[in-house]
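Down below is the structure, laid out as structure tokens.
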Amino acid sequence: MTNQQATPTSTPAEQYDAVIIGAGVSGMYALYHLREMGMSVRVYDGASDIGGTWWYNRYPGARVDGPGSPYYCYTFSEELMQEWDWAETQSTQHDVLEYLSHVADKFDFRKDIQFETWVEDARYDESAQRWTVSTSTGINASAPFLICAVGALSTTNMPNIPGINEFSGECYHTGRWPHEPVSFEGKRVAVIGTGSSGVQSIPEIAKQAEHLTVLQRTAQFTFPANNRALTAEDLAVPRDDFDGMLQRMHENEGGFPIGPFPTGSALDLSPEELNAHYEALWQKGGFGFFNNLFSDIAVSEEANKTLADFVRNKIKESVDDPETARKLMPDHFVMTKRPILDDGYYATYNRDNVTLIDLRDDPIERFTETSVITSTGEHPIDMLVLATGYDAISGTMLRLNPKGRGGVSLKEKWADRFHSYLGMTINGFPNLFMIHGPGSPGVFYNMPLGAERQLAWIGQCLQHLKDQNLGAVEPSIQSETAWGEEVSAIADFTLFPRTDSWWTGANVEGKPRYFTAYLGGGMYYQRIADVAEADYEGFEFEPAV
Ligand code: NA7
């Protein structure tokens, strides 16, 4: 069948072997990998330089809040690992961007990237077996393969609150922070949102602002980051045994050379032993906390409660005013919203210049030009910080809204569920590949390494097409359905789907609400390797035209 709705083109389409959308961590590696395979590649990105999420998230306090450096990085080049000196365990946004810029320079990425160029439309032409993209700058491109490296946390979630657009003071979303310095000095600032971005920025803003009002919808469990400078010994670990480190990263459930995760139950220990275990982890800090927990914390309500109570006690101890401490008490299962690492978050509420408003008791009614009005009164403000997160995982694919076979749009295809096979491919959208898409481990895995491993699979698949003189690859509807069931079955074994979070899409009105990430950890890479090994089981191929 021929797609009758090919994109109207104002200029002749530039021809490539692959078009990549996004020049963040994943898109940069996609460029490297496909170029290494000898393909001609063009990358488009709306920003004016590389970095993706790391380009945009410049808010005060922005840092890696995973297991961190020196392992949140590419592994494709040993030389890169040997030469790059990470400064701290929880690298700042500035340091991550410096690293990515160094990688872009070293491998000469920018010559193949078109910046300040948004892909506005992408359509598949069935008769030509090619994707055509049109962009905001009028450039059009055509390629057999479309790689969507659009980011899992890149489409901002803007709150729909009456009057918010009438507010005339400074207003910034953490995920679109200005490049110019922002001063909080002498200002009355309000922050909406207490996810990772809010929890990282609130202590920093509080240090400078005349007054800070935090508008909290959901209280959070956060853990001490205990960020520290990396020593020569720390940096030597991956350098002295690069292959061993790589193997440990590949073997670990989250893609970091740590673990193995403990297998015992929290309920096997006496309350005193358990408290001592949690206390030791709390004092040590960092993401190591989550890697030394018991295997049933995210599975058993009872085990979960042991950790939740431990953190709730810490909040009580850290916050002087009992009423403020009460408002800060989270009531969801700990770990079932993205765990957060902080630097003095709870203690920030002991400052005289910080007020916490619990929106569950005291909801926002509206904004005026100069204030936010909650049910208990008016709060004059000079600046509003929106730490309100993202239409995560699927949101940016939907904003791109590619049109597949018969002109069917992704919005139509994903109206009820974010269907995919292996989290990378979609029935009805031949030759389109997603990095960190719904149905993949995505944000539950070390993302640079996850991108490398998905791209290795995609590259192998493209090579298979070339070797067999095939023109199109697409998953069958049955394999897509079965994959969706597998993803949900793993998630349903845990407590994750039972909490409202951006992992379940509950933070965006009208979004299908279910847990979309593949929680099987490293097992995912075995699954996708098995599919390739079994002659791309679950895929359908077309001969090249
Ligand atoms: P998150 O984790 O989605 O946090 C967003 C926060 O904003 C969260 O506290 C939300 O409350 C709150 N929010 C969102 N919309 C509103 C409205 N309309 N009113 C009040 N409060 C609202 O995003 P982050 O940017 O902090 O972190 C994203 C990820 O980046 C992070 O997990 C790391 O992986 C890195 P809610 O909890 O939905 O009730």
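Just one residue in the set THR75, THR92 is touching a strand residue (DSSP E or B) at 6+ places or on another chain (Cβ under 6 Å) and either more than 16 Å from LEU341 (Cβ to Cβ) or modelled with pLDDT of 95 or more (or both); that residue is THR92.
Using the structure shown, decide if PRO162 is in a loop (DSSP other than H, G, I, E, B), within 16 Å of the ligand (Cβ to nearest atom) and touching a residue at least 12 places away in the same chain (Cβ under 8 Å). Answer is yes for this residue. Under the condition of being away from the ligand (no atom under 16 Å from the Cβ), hydrophobic (A, V, I, L, M, F, W, C) and farther than 27 Å from LEU281 by Cα, which residue from the stretch 64-99 is surrounded by the fewest Cβ atoms within 10 Å (Cβ to Cβ)? Among those that are away from the ligand (no atom under 16 Å from the Cβ), hydrophobic (A, V, I, L, M, F, W, C) and farther than 27 Å from LEU281 by Cα, it is LEU80.
Each residue in the stretch 209-225 was checked for being assigned to a strand (DSSP E or B), more than 9 Å from the ligand (Cβ to nearest atom) and surrounded by 21 or more Cβ atoms within 10 Å (Cβ to Cβ), and 6 pass. Quick check on the stretch 339-384: of everything there that is among the polar types (S, T, N, Q) and under 25 Å from ILE315 (Cβ atoms), which residue is surrounded by the most Cβ atoms within 10 Å (Cβ to Cβ)? Within the stretch 339-384, the match that is surrounded by the most Cβ atoms within 10 Å (Cβ to Cβ) is THR348.
Note on the stretch 448-502: residues that are acidic (Asp, Glu) and either in the same structural domain as SER197 (by TED's automatic domain parsing) or within 16 Å of the ligand (Cβ to nearest atom) (or both) amount to 1. Which of (1) more than 24 Å from the chain's Cα centre (by Cα); (2) under 30 Å from ASP362 (Cβ atoms) is the odd one out, the single condition PRO271 does not satisfy? Single failed check for PRO271: (2). With respect to the conditions (1) more than 30 Å from ILE205 (Cα to Cα); (2) buried (at least 19 other Cβ atoms within 10 Å of the Cβ), PRO260 falls short on a single one, namely (2). Residues in the stretch 298-334 that are assigned to a helix (DSSP H, G or I), farther than 14 Å from LEU267 by Cβ and either of a type in the set (Asp, Glu) or modelled with pLDDT under 95 (or both): 2 in all.
Among the residues making up the stretch 385-426, those that are assigned to a helix (DSSP H, G or I), surrounded by fewer than 24 Cβ atoms within 10 Å (Cβ to Cβ) and in contact with a helix residue (DSSP H, G or I) (Cβ under 8 Å, 6 or more places away or on another chain) are LEU398, LEU400, LYS411.
Residue-by-condition table, conditions (1) under 28 Å from PRO144 (Cβ atoms); (2) assigned to a loop (DSSP other than H, G, I, E, B):
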| residue | (1), (2) |
| --- | --- |
| VAL473 | yes, no |
| TRP483 | yes, no |
| SER488 | no, no |
| ASN507 | no, yes |
| LYS511 | no, yes |
| TYR514 | no, yes |
| LEU519 | no, yes |
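Counting the residues of the stretch 357-384 that are part of a loop (DSSP other than H, G, I, E, B) and of a type outside the set (Asp, Glu) gives 8. Yes or no: ARG188 away from the ligand (no atom under 16 Å from the Cβ), under 19 Å from LEU341 (Cα atoms) and in contact with a strand residue (DSSP E or B) (Cβ under 8 Å, 6 or more places away or on another chain)? No, not satisfied.
Of everything listed in (1) within 16 Å of the ligand (Cβ to nearest atom); (2) in contact with a His (Cβ under 6 Å, 6 or more places away or on another chain), the single unmet condition for GLY505 is (2).
The values are calculated or read from the model by the stated rules, or taken from the named source; none is laboratory data. Since the model is a prediction, treat every value here as computed from it, not as a measurement. Because the Cβ atoms are built from the backbone with ideal geometry, glycine has one as well, and the counts that use them run over all protein chains shown.
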